[in-house]
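I have placed the structure first, in the form of structure tokens, so that the comments after it can refer back to it.
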Amino acid sequence: MVVGQYDYPEGLFFGGEQPEEGVGLYTGFLTQRMGIAERVLAIDVPTGLGPFFPPNPAWRESVLSRGTAFFRQAAELVSRL
């Protein structure tokens, strides 16, 4: 869910002149791929996997494997709903 306001530059939560391109891409993806789904769970987790992600391969593998395990468990729980 994207929240913010785009009408008052001096106001609280001003998001700019319009939503970022990624918002439209994500919304389009969800509409196209999930349009007929009864339930959709989306979790946005800031992983830090960008250009400044620590270069230590062991640490990277640890983070990725823990994240994968978490999402597998979450998918199992959601599938039971």
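No value in this document is a laboratory result; all are computed from the given coordinates. Because the structure is predicted, anything quoted here is derived from the model rather than measured. No Cβ is skipped: glycine too gets one built from the backbone with ideal geometry, and neighbour counts run over all protein chains shown.
Here Arg80 and Leu25 are evaluated by their C-beta separation; at R0 = 35 Å the FRET efficiency comes out at 0.70.
If R0 is 22 Å, the Cβ-Cβ spacing of Ala69 and Arg39 corresponds to a FRET efficiency of close to 0.50. Annotation: amide H-H contacts under 5 Å for Phe14 (H modelled 1.01 Å from N, sequence separation of 5 or more, or interchain): Gln5.
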